[in-house]
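What follows is a short report on a single structure.
Derivation of every value follows stated rules applied to the coordinates shown; laboratory data play no part. Note that this is a predicted model, so its numbers are computed, not measured. Cβ coordinates were reconstructed from backbone atoms using ideal geometry, including for glycine residues, and neighbour counts include every protein chain displayed.
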Amino acid sequence: MPTIGTSSKPAYVYDAGTDTWIPIGPGEHTHPYVEKSTLTTTGDLVYASAANTPARLGIGSTDQVLKVSGGLPVWGSSGVNKNFTLANAGGTSLSGSNTVTVSGLDAEEIYIFITGVSSTVASNTKFVLRFNTDSGNSYNTYGGILANLTTYGATILQRINQQWGNPASGLYVGTIGDNVSSVLEVAAHIRGCKSTSPKMYTALSGAQLGDNKMGVWNGGYYTGTSPITSVSVFVNQGNLDDGTMFIYTSS
């Protein structure tokens, strides 16, 4: 049986005269490899969890795509065929305060549906949405109001900033009163909620103000740099005394 030289080199040659495998080459003779046992499931991937540190990324689910989070590869939604889930189970009651907040949101997109809203103040109560309880001038809104005012026998078209300023300390979505015949219905959509860049939004609402009716449609962007983790509703006078808010989220 031939002997093997003890020096660590990239290769060996056999010397029949001495019956020895002689190490040759300028560097060490090493065999780095990833253990087969690292991959346990069909479709697993190998990635570097740190420098010179191989790790396993388990196979994702159907329709997921490979993304990056925190500098590492992860499986995530492709953004196609999104599924929205109700973030506030059963909806949130809008009563007893001038501000109601739903927190703990973690979503790329948010849909807000608000129904049956009324106020403790008889008329001209502004109803707004706020993100991350931000009451600063962070809401740049553009749109219009279509109001049928029977008192004056006329239809009035106004710009949003005539009602709430632009930029404003909230997203104005309608005006409410204080009884069952003065209610507001709202639908709003926010996109890019996890981004540190401006978040785009759109909103539509319809209000019955006694004998009058009002519709608001608007869109714009929120300039806050933090991801949106909460949504609040706010009235500028009195308190909310009825209504329910439903928040649906998708990652």
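A few comments on the model shown:
- Long-range HN-HN contacts of LYS213 with modeled amide H, under 5 Å: ASN148, THR150
- Note on SER250 and TRP75: their simple-model spin labels are 2.0 nm apart, each label 7 Å out from Cα toward Cβ.
- Spin-label pair TRP217/THR99, simplified geometry with 7 Å Cα→Cβ offset, distance in nm: 3.2
- Using 0.36 nm per residue and subtracting the Cα-Cα separation, the extra length available between ARG191 and ASP19 on full extension is 54.5 nm.
- Taking amide H as placed 1.01 Å from N in the peptide plane, the amide H of ASN124 sits under 5 Å from that of ILE176, each at least 5 places away or on another chain.
- Added length on full extension, which subtracts the Cα-Cα distance from 0.36 nm per residue, THR53 to THR41: 2.4 nm
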